[in-house]
Every structure is written in structure tokens, then in C-alpha cells.
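Here is the structure we will look at, set down as C-alpha cells.
The values are calculated or read from the model by the stated rules, or taken from the named source; none is laboratory data. Remember, it's a predicted structure, so these values are computed and weren't measured experimentally. Reconstructed Cβ throughout: ideal geometry from the backbone, glycine too, with neighbour counts over all protein chains shown. We work out accessible area using only protein heavy atoms, side chains counted, and drop any ligands, DNA or RNA first. Shrake-Rupley method; radii C 1.70, N 1.55, O 1.52, S 1.80 Å.
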Amino acid sequence: MTHDIHPAPQEAMGVNPWRNRKLSRRVYPKATPRLVGVKLWSGVHEECGIFGVYGHPEATNLTYLGLYALQHRGQEGSGICSSDGRHLFLEKSRGLVADIFNEKRLRRLPGHIAIGHNRYSTAGSSILKNVQPIVANFALGTLAIAHNGNLVNALKLRASLEDEGAIFQSTSDSEVIVHLIAHSKGDFYERVLHALKQISGAFSLLILREKELIAVRDPYGVRPLSLGMKDGAYIVASETCAFDLIGAIYIRDIEPGEVLIIGEEGLRSLRLLNSTRRAFCVFEFIYFSRPDSNIFGGVNVNEMRKEFGRQLARESHTEADLVIPVPDSGVPAAIGFSEESKIPFDFGLIRNHYVGRTFIEPKHSIRHFGVKIKLNPVRKLLEGKRLVVIDDSIVRGTTSKKIVKMLREGGGAAGVHLMISSPPTIGPCFYGIDTPTRKELIASTHLIEEVRKYITADSLAYLSLEGLKKIVPDPQDYCTACFDNNYPLSFPGEHLEQMDLLFR
Ligand code: AMP
């Protein structure tokens, strides 16, 4: 059977439309929600970073720094909501943390409690109203919410909430949680538990109220969330790299299924439903988390990536002169591969770290500009050499194809053997990693040899799923759905194809 491969159109790289339109909002308890027409809700993919502080006079500044350290988890927009014990204050915009916040803006966020959120860029949803924290008023006061993850039953919940008269301001599934809390009965904690028991999917959450901070992790623990401490104040962050920047110490992870209330009386833990299994996202190790972070019970991401590279070298022997990484995410695996295979390592592709969204791409004059602006081969190093090139994953295949071409034409490589430090990506993620639809995932519709031909490499190898599971501690506790279509959290009675449709 033959397959046509249609590379995805190059990412549009026009002028950043929001750079000069910094919007801010101060939220007072009496603010009324605005009606914004939501015609069609297509499911927004939340692949984000969250950070919170309780009990520090510099809560906002620490949150700003925390978001800075978590910038890799989301570049579409950021926000901080603080509390001085009586009122909540909100500042949020689209763009990068460093561009959004300045001293003046941070001064508008007083208080000793704060939460922050970085939102990931995904097509069709880059609108300010989807930038978090989301702030809402309800019967018991005001609350702000920052969410990392994706709910799998948000569409159904949203439809029934709308039937009951709820008016949504955004297309983000995180707003469903806000409405569920507002529609529940009882005291605040009863409402939170009642709301959270109705949602299904991946959620690491921070909820801010006037006098407390609540950290929640879904019963499967899909996304990471850690608790730390600085100067006697509690800190919560998606990844521990954010603790390092502010000089906080790591205490422990928020447990899967835990609702941790941080308030004037200290810490108090409530439990959501007990889960029958864990489903930590293995892709956090492969691509998403920063290598200097320790996640899922203190496992270092750099170590994991190096071990993936070692295992890949054990599985796929190749005659070559040099191992080079596709920077940055391929670097630790390439070091591991080189150590195991004894093939020397070097940086054969140099990355420009200052590529933002603001430059204007020339129309026709320069070919493959999108990759060239980011990566450039070191010809003096590569010329005439047989290369092992390590990247962390192939999604659509467009990046790899351009890199192989660049290494041959610009770098003068004599051979290009592409080695991927994860198994073939065959399933989209419904829990918060932004992967395209199944039919766009090249490995889901093509044999490995067909992918090799498409990207024009001399050889192509992936880490085996068995190899990956050998490296990851307690692999039964991980979600590997993107590699084996084994989805731990699905709609009851619904099929994968329907989920594909619902989520796109
Ligand atoms: P593609 O050109 O679609 O095959 O993309 C492959 C590249 O995207 C690899 O270099 C990965 O490091 C990177 N990548 C993998 N997953 C993601 C993701 N969720 N978001 C952004 N980039 C990714």
C-alpha cells in the first residue's frame, strides 16, 4: 500500500499581532462577567506551566520568576493573579513573560499569595480570553484558577452547564471547572470536591482565593506538580527548575488525587477519588519538561534522556564518525548515545536562541528559512563525516526532512543516520501535549522505511517501546498512549476515532 505524504504547511511567522496591545484587568469582587459569543467549542489544548506562592511578601515577584523558569511550558500568554487577603488582582496578556511584565505591572499585583500561568501556543486559540489565570466571582467570593492539562469530558460538561444557563467567556476547558465550582452546593471545599469529581482527564490545578491557595493533581497524576518552600512560604510549581531559580527547596510532589489546601492554619490535604492506576506522562521526560527538573517523584529529566540515548545506542548499531544532537531537546540523549556507542559527540548544529515570533519570513528568496533561522550546520566539523543525528521525536516529519537536507547540503555530511530517542509517535495526546491529529502523525500512517524515504535519511531508527519501559522507573505508572494508543483515561463507551474528532 502506498501513502502520499503531504508535509504540513510551514508555520506562519508573521509580525506578532499582540506585542503592543498589552491588556490588563484588575478584578474586584463586584465585577460582572462579560458575555463573549462562543460559536463552536473545538477543545483547547492546554500544555502549560503553573506556579503559586502562599505566605511571602514578594509573592508576585517570585511568581514572575517562577513563570520565567517555566517559559518552555507555554509561550502564548501569561498571567499572574495575586491576593492581599481581601481582593484578587489580575494581570495577563499574550506573549512571553519577559515582554508582558514590567515593574509597573508587577506593582499592580500586591499581596502575599499569588498564582501564575504560562499558556502554550496552539493554532486557533491564541486569544487573550484563553490566557489564564481565569478569575470569577461566585456565591462565596472570588476565585482564580490556573490549569495545566486537558479534560476529556469538558465538552459534555460544558454543554450541560450551558443548558443550565451558564455563560462561558473563553473556549478553554479550564473554565468548566470554575462553573462547576460555582454551580455546586455546600461550603467551598465541598464545592471544589464536587466539581473535581465530575471532571475527567489531566489536571494539575492552582486555585487562589482571598485567603488561601489550593493545589490539586488529578487522580492519575498525568502532569507534574511539586511543593516547595522558601523563607517559610509554600511554593507550588509544575517543575522543580522553578524552585531552583528562586532558591526554594523541594518538599514533595502534590500526590495524584490530592487537594492540598494552603492557608492560615498551614497545610491540609483532602482526597479526590482514589485512582486505580497512575498515568504520569512519559512525554514530559522525552520533550516537554526541562532537563534540570526532577519530576514524578524526583526523577531527573536529564538522566532519563541520557539513558534513552544509551538504550537507543544499544538497540541500533551504526557505523558513523560523529554523534550530533538536534538542539536543544536532543542534547542529553545524544550524549548518552555517544557514551554508549563510543562514537565522539559534538555540536554540529548551532541553534539561534533568540528566534522569536516577531521576525518576518522572506517569501520566496530563501529556501527552508523556517529551520535555517533556528539551526545552522557547522560545516568545518561535519564535512565528509558519517553522522548519527539524535532528535527526541518525529511528529509530522517536516523538521527532520529539512534537517537532513541541511546537513547534507550546508554541512557537507557524507551520511545522515537519524536516531530518535523515543518510539514512533502514533497517537495524539488528549491529556495536554499538543500533538496533531492521528492522520498528521507520520508514524501512524507510514512504515518506518517510508518515513526514512520521506525524510531522505540514510537510515532511521527509533527507541523501542520495550527499551523506553526498561529505562523509566515503574513504567506501569506511566501513560504511553502516544506510542501505543493505550489511553488510560477515555470517555466511557467512546472510541478513539470519536475522541480524535472531538478534540480537533
Ligand atoms: P515535526 O517536524 O512535526 O516532525 O516535529 C518534530 C520536532 O518537534 C522535534 O524536533 C521535536 O523536538 C519537536 N516536538 C515534539 N513534540 C513537540 C510539541 N508537543 N510541541 C512542540 N515541538 C515538539
*Do the conditions hold for Tyr478, that is, is it crowded, with 17+ Cβ neighbours inside 10 Å, closer than 23 Å to Arg305 by Cα, in contact with a Phe, Trp or Tyr (Cβ under 6 Å, 6 or more places away or on another chain) and at pLDDT 95 or above?*
yes
*Where in the range 355-414 are there helices (runs of 4 or more DSSP H), lying fully within it, with 3 or more residues that are modelled with pLDDT of 95 or more and open to solvent by less than 20 Å² (accessible area, probe 1.4 Å)?*
398-409
_Could you go through the range 428-446 and let me know if any residue there is away from the ligand (no atom under 13 Å from the Cβ), open to solvent by 20 Å² or more (accessible area, probe 1.4 Å) and part of a loop (DSSP other than H, G, I, E, B)._
no
*Any chance you could count how many residues in the range 367-398 are within 25 Å of Glu319 (Cβ to Cβ) and of a type in the set (D, E, K, R)?*
7
_Whichever residue in the range 271-297 is in contact with an Asp or Glu (Cβ under 8 Å, 6 or more places away or on another chain), farther than 12 Å from Ser329 by Cα and not in a loop (DSSP other than H, G, I, E, B) and, among such residues, is least open to solvent (accessible area, probe 1.4 Å)_ = Ile295
*Is there any pair linking a residue in the range 391-409 that is under 14 Å from Lys372 (Cβ atoms) to one that is within 6 Å of the ligand (Cβ to nearest atom), with Cβ under 9 Å and at least six apart or on different chains, and which?*
Thr399/Val326; Thr399/Asp391; Ile403/Val326; Ile403/Asp391
_Being open to solvent by less than 70 Å² (accessible area, probe 1.4 Å) and of a type in the set (Phe, Trp, Tyr) is the filter here; which residues of the range 240-270 pass it?_
Phe243
*Report, by residue number, each residue of the range 321-348 that is open to solvent by 50 Å² or more (accessible area, probe 1.4 Å) and not in a loop (DSSP other than H, G, I, E, B).*
Ile335, Glu339, Glu340, Phe345
*Quick one: which helices (runs of 4 or more DSSP H) lie wholly within the range 62-166 and hold at least 3 residues that are open to solvent by 20 Å² or more (accessible area, probe 1.4 Å)?*
103-107, 154-163
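For (1) touching a residue at least 24 places away in the same chain (Cβ under 8 Å); (2) within 16 Å of the ligand (Cβ to nearest atom); (3) within 21 Å of Ser293 (Cβ to Cβ), each residue gets a yes or a no:
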site	(1), (2), (3)
Phe51	yes, no, yes
Gly55	yes, no, no
Glu58	no, no, no
Asn61	yes, no, no
Ala69	yes, no, yes
Ile100	yes, no, no
Ile113	yes, no, no
*Could you tell me which numbered condition Leu312 fails, if it satisfies all but one of (1) crowded, with 17+ Cβ neighbours inside 10 Å; (2) among the hydrophobic types (A, V, I, L, M, F, W, C); (3) away from the ligand (no atom under 16 Å from the Cβ)?*
(3)
*Identify all residues within the range 208-239 that are open to solvent by 10 Å² or more (accessible area, probe 1.4 Å) and in contact (Cβ under 8 Å) with a residue 40 or more places away in the chain; write none if there are none.*
Arg209, Glu210, Lys211, Glu212, Pro219, Tyr220, Lys230, Asp231, Gly232, Tyr234
*Taking the options Leu206, Leu260, name whichever one is touching a Gly at 6+ places or on another chain (Cβ under 6 Å) and assigned to a strand (DSSP E or B).*
Leu206
*Residue by residue through the range 189-207, note down the ones that are open to solvent by less than 10 Å² (accessible area, probe 1.4 Å) and touching a strand residue (DSSP E or B) at 6+ places or on another chain (Cβ under 8 Å).*
Val192, Leu196, Gly201, Ala202, Phe203, Ser204, Leu205, Leu206, Ile207
